[in-house]
Amino acid sequence: MSKIKAIKEEKEWDKYWTKKKTASQTVYRAIASFYRKLIIKRALNHFLEKEFKKGAVLLHAGSGAGQVDKDLRKNFDITALDISTEALKLYKINNGPSSKTLKASIFEIPAKENAFEGIYNLGVHEHFTKQENEKIFKEFKRVLKDEGKLVLFWPPKHSLSVNILNSAHFVLNDILKRKIRLHPDEISLIEGKTQVENFLKDSGFKMTKFYFGPKDLFTQCVIVAKKSTTK
């Protein structure tokens, strides 16, 4: 990612995480917070506790405000990475001043090779193009230990949340002419299991689990993949 684009992305996400919002955005943020705390957090706890041993060193790559990390920090050594200063301020508020954070881009993670046993995130990769995601996954592979794992929550094209947000944007922008975006554009929503499996294979990972179901009310595909050690 170029420096100019990185600066633009940082400003966009800082703007997203600041507290001054329109009425519509305030309602959206409240609903999103409820969803993270009461629904997605439970699903994330379930999958991470199944995939990693207690005390595992993990990177939350694109952590946002980190509302989902409160329980996980009791069992894992978590470093939260985000490009947004505003998001990391909220992360410290939500998880305590001693929580570990890194202000950086997921394109250039400031960590040595083989630094982490696992990487996870929620609702990150749909905001990047295929070519950008290829660069991100190359960086993920670099900082993961051999046999390290990815656990990704990545929304599919026709999930419940995507349909609801598309409907909300239609009402706000096409009918009410408000010109409001409730979140940054989602340009790489999942279209199918095979698509993800092939992408991971090309990026140096082997998919070991693909889940779409009621644990998070059919809003995200949960993807577990292991770093391939083949040359």
message: Ranking request for peptides 55-63, 208-216: highest mean number of other beta-carbon atoms within 10 Å first, then the rest in descending order.
response: 55-63, 208-216
field: Surface accessible to a 1.4 Å probe, Arg73 within the full protein complex, Å²
entry: 80 Å²
- prompt: What's the extension gain from Glu147 to Asn75 if we count 0.36 nm per residue and subtract their Cα-Cα distance?
  reply: 23.9 nm
- request: Please give the length that would be gained between Thr194 and Ile93 if that part of the chain were fully extended, namely 0.36 nm times their separation in residues minus their C-alpha to C-alpha distance (nm, one decimal).
  value: 32.4 nm
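The values are calculated or read from the model by the stated rules, or taken from the named source; none is laboratory data. Computed from a predicted structure; not experimentally measured. Reconstructed Cβ throughout: ideal geometry from the backbone, glycine too, with neighbour counts over all protein chains shown. Areas reflect the complete protein model, heavy atoms only, side chains present, ligands, DNA and RNA absent. Shrake-Rupley method; radii C 1.70, N 1.55, O 1.52, S 1.80 Å.
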